[in-house]
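As structure tokens, the structure follows; a few thoughts come after it.
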Amino acid sequence: MHVVIMGAGAVGGYFGSALSKNGVDVTFVARGQHLEHMKKYGLKIDSHWGNFLVKSRFTDSLENIKKADLIIQATKLYSNSSALPLLKPVIGTNTVILTIQNGISSGEIISEYYDWEKVLQGATYIETEIIDPGYIQQTGSVAMIEFGEKDGKISDRCLRVKDILDVDGIQVNISKDIASTLWIKMVSVGAIGTLATAARSSLVEMISGEFGSESLKNIMEEIVAVGKSEGIQFPIGVVDEKFNSAIREAEEFKSSLQYDFNNHKPLELDDILGTVVRIAKKNDIPTPASTILMSVLEKYKKGTK
């Protein structure tokens, strides 16, 4: 079994390392100092399930690499236009591309390159960060990948992918309504990280302020309203559940958007909350709080100096 991790950053690197540690043949695609360090020393992982070092195939090119059974697409969404063509050499007859990128649009984007017959959409629930090049730290007891078919069927390929991912250090679930799964995650990821980044605050600081909690709930409610306009079914009380979960986990919360902002990197703004605002405009759903956030962060989308 051969798995390719396209984007061996904090999330992709962790999941690939968990698979490699459990005997799966994994190729990690990365770049920069992170890649060079991994080539020389391997990939160091600190995790809830133990600390370990992975020595595997680390590369920035998939030329002359054997065909993949599973590709996990874990780059930033704004990198898809450059990353997706790189997959072509390892795509075979039975290759599945599982996207675990943030947002709700990744599956559609990948299908434009490789068709839906190759693509599965997924969502991740995990706290990870790159501490140093070649060193990833995962915290907490959750390292979940939830994925599924567009039509909700439990297909043979879903079962094959679940069998590959079902190792120590990864929790895996097949969703029967992946569109709802992605939108439910969007209620959190579209609101919390974006607001914290705009406020230049930690989640703890933000919710302890006079208006932070109200602002966060307003954005979550806007996301739910937009999702409903697209026919998405949300659980009753989803905003309260996501908000209360954020409160419980505030001390440990890490936002990839905020990390990128603080490190002067491009932001996944257009493809996360930006997607919600554009759908809202199309469907004539008011999203004043979300639109303000997009405006506040607009000039930082391409990174800062």
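Some points to look at:
- Placing a label point 7 Å from the Cα of residue 299 along the Cα-to-Cβ direction, the residues of segment 176-214 whose backbone N falls under 16 Å from that point are 198-200.
- Contour minus Cα-Cα distance for residue 61 and residue 141 (0.36 nm per residue): 25.5 nm
- Segment 91-167 and segment 225-265 have Cα centres spaced 19 Å apart.
- Cα gyration tensor shape of segment 54-179, rounded if a/c is under 1.5, else prolate or oblate by comparing a/b with b/c: rounded
- Using a probe of 1.4 Å, the accessible surface attributed to residue 54 totals some 10 Å² when neighbouring protein chains are kept in position.
- The calculated FRET efficiency for residue 51 paired with residue 93, based on their beta-carbon distance and R0 = 45 Å, is about 0.75.
- Cross-link pairs beyond the 29 Å C-alpha cut-off, checked among 39/254; 55/301; 39/299; 118/217; 44/299; 66/265: 55/301; 39/299; 118/217; 44/299; 66/265
- Taking every DSSP beta bridge that has both ends in the chain, the antiparallel portion is near 35%.
- Relative contact order (%) - criterion: Cα under 8 Å, at least six apart; region: segment 83-167: 23
- Helical content alone sets the calculated 222 nm signal of the chain at -12500 deg cm²/dmol, taking -39,500 (n - 2.57) per DSSP H segment of four or more residues and averaging over every residue.
- Two-site FRET efficiency, residue 200 against residue 131, from Cβ-Cβ distance with R₀ of 25 Å, rounded to 0.05: 0.65
- Partners for residue 67 among aspartates and glutamates (Cα-Cα distance below 16 Å; same-chain residues under 8 apart left out): 25
- Heavy-atom accessible area ranking, 1.4 Å probe, most first, across 256, 106, 20: 256, 20, 106
- Cβ-defined net charge surrounding residue 49, 15 Å radius [Lys, Arg +1; Asp, Glu -1]: -2
- Listed residue (279, 29, 100) projecting farthest to the positive dipole end of the chain, Cβ model: 29
- The heavy atoms of residue 44 present about 90 square angstrom of accessible area, all protein chains included, probe 1.4 Å.
- The slack in the chain from residue 245 to residue 33, taken as 0.36 nm per residue of separation less the alpha-carbon distance, amounts to 72.8 nm.
The values are calculated or read from the model by the stated rules, or taken from the named source; none is laboratory data. Quantities reported herein were computed from a predicted structural model and do not represent experimental measurements. Counting neighbours? That spans all protein chains shown, and the Cβs are built from the backbone with ideal geometry, glycine included. In case anyone asks, the SASA skips ligands and DNA or RNA and just uses the protein heavy atoms, side chains included. Shrake-Rupley method; radii C 1.70, N 1.55, O 1.52, S 1.80 Å.
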